[in-house]
Amino acid sequence: MDHLLHMDRTLDELDPPRWAPPADATHLVRRLHEMRRVRLGELGPADLRILISQQVALPYVLPLTVHLLLEEPLLDASFYEGDLLLGRVFKGC
């Protein structure tokens with residue numbers, strides 16, 4: 001299945017079950033919940049970096065990230081040029 005075909009859908013739709021709203025959560029957990037309700041095509045490089053680092057919906061997030069990195073390997077995802085590729089995003093790889 002080509003996971004890049006679903007750019008108009010959210011991670012909550014694509015990666016069930018939907019996450020319940022967080023009760024008493026950290027900023028990171030609230031942000032992860034928010035990102036799951038954003039269309040895949042609207043997620044930015046910083047969002048992808050966070051989702052990957054937290055191992056959320058990897059079958060959908062990784063193909064999109066690789067696609068972006070093929071176009072621009074030194075993409076700046078928040079911290080510095082190339083952080084999406086060179087950072088600890090792909091730890092264990």
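If I take every Cα pair under 8 Å that is 6 or more residues apart in the chain, average their sequence separation and divide by the length, what percent do I get for the relative contact order? Don't skip to the end; give the middle numbers.
Numbers: 92 pairs, mean separation 24.0, N = 93.
Computed value for the chain: 26 percent relative contact order.
Amide H neighbours of ASP76 under 5 Å, counting only residues 5+ apart in sequence or on other chains, H built in-plane at 1.01 Å?
GLY82
Can I get the semi-axes of the chain's equivalent ellipsoid? Compute them from the C-alpha gyration tensor as square roots of 5 times the eigenvalues, in angstrom, largest first.
Value: 21, 17, 11 Å, ordered largest first.
Quick one: putting +1 on the C-beta of Lys and Arg, -1 on the C-beta of Asp and Glu, what dipole do you get for the range 3-90 around its Cα centre, in Debye to the nearest 20?
Working: 9 positive and 13 negative charges, 67 e Å.
It comes to approximately 320 debye.
In whole Hz, with x marking every Gly and Pro, tabulate ³J(HN,Hα) for the range 72-81 from phi via Karplus 6.51 cos²θ - 1.76 cosθ + 1.60, θ = phi - 60°.
8, x, 9, 4, 8, 9, 2, 9, 6, 4
Hey, what do the phi angles of the range 32-46 turn into as Karplus ³J(HN,Hα) couplings, whole Hz, using 6.51/-1.76/1.60 and θ = phi - 60°, x for Gly and Pro?
4, 4, 4, 5, 5, 9, 9, 4, 3, x, 9, 6, x, x, 5
What is the spin-label model distance, in nm, from TRP19 to LEU5 if the labels are put 7 Å beyond Cα along the C-beta direction?
Here the modelled spin labels are 2.7 nm apart.
At 0.36 nm per residue, minus the direct Cα-Cα distance, what do HIS67 and HIS27 gain on full extension? Give it in nm, one decimal, please. Working shown, then result.
Working: separation 40, 0.36 × 40 = 14.40 nm, distance 2.80 nm.
Stretched out fully, the HIS67 to HIS27 stretch lengthens by 11.6 nm.
None of the figures in this text is laboratory data; all of them are computed from the coordinates on show. The structure displayed is predicted, hence computed values, not measured ones. Positions of Cβ are backbone-derived with ideal geometry, glycine not excepted, and every protein chain shown enters the neighbour counts.
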